[in-house]
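The next block holds one structure in the form of structure tokens; read it before the comments.
The values are calculated or read from the model by the stated rules, or taken from the named source; none is laboratory data. Given the structure is predicted, the values throughout are model-derived calculations rather than measurements. We place every Cβ from the backbone using ideal geometry, glycine too, and count neighbours over all the protein chains shown.
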């Protein structure tokens, strides 16, 4: 998992570096902000913006937005598998984010005009990106073939935090776990 995350981070950072070197600063920032805005719109449309931690006061929307943005940026640049949890990005959003991080460098390379005779030539970078992508794909295949297949659905789940909290409460048999679900989660998840 560490190597998968490392290769993922390399691809994402290289994609951003290529975009930053190829585009105007304002366009580059607009693309990154647009990606975050699309994710936030996804969370708002699904009714999943409120973060799962129980918060009191009027600043809940601001804190939830900051926490959601932080989780998205963290997932984008680290590829941490734990952020696929419904309380964080959710399975589908996480998987799409990981795939986008592998596609981004190839798109960014189309805009890049590096030196033809040096290491930073587009042909050399493309070769590196293809090797990086193939190793990321191979490592993921190994990971999925060795992990418990019961968890495979968590990578593609569209379950929101609220739905997950309700499922835990309704399906658990232990009263202590039901109490924890009610007392540790946001009231809107009940």
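Of all residues in the stretch 46-60, none that is on the phi > 0 side of the Ramachandran plot and modelled with pLDDT under 70 has its Cβ atom under 7 Å from the Cβ atom of a residue that is crowded, with 16+ Cβ neighbours inside 10 Å and in a loop (DSSP other than H, G, I, E, B), 6 or more apart or on another chain.
One residue stands out among those in the stretch 77-98 that are out of contact with any helix residue (DSSP H, G or I) (no Cβ under 7 Å at 6 or more places or on another chain) and assigned to a helix (DSSP H, G or I): the one that is surrounded by the most Cβ atoms within 10 Å (Cβ to Cβ), which is 81.
Table: residues versus (1) outside any helix (DSSP H, G or I); (2) surrounded by fewer than 16 Cβ atoms within 10 Å (Cβ to Cβ).
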| position | (1), (2) |
| --- | --- |
| 120 | yes, yes |
| 127 | no, yes |
| 137 | no, yes |
| 143 | no, yes |
| 150 | no, yes |
| 164 | no, no |
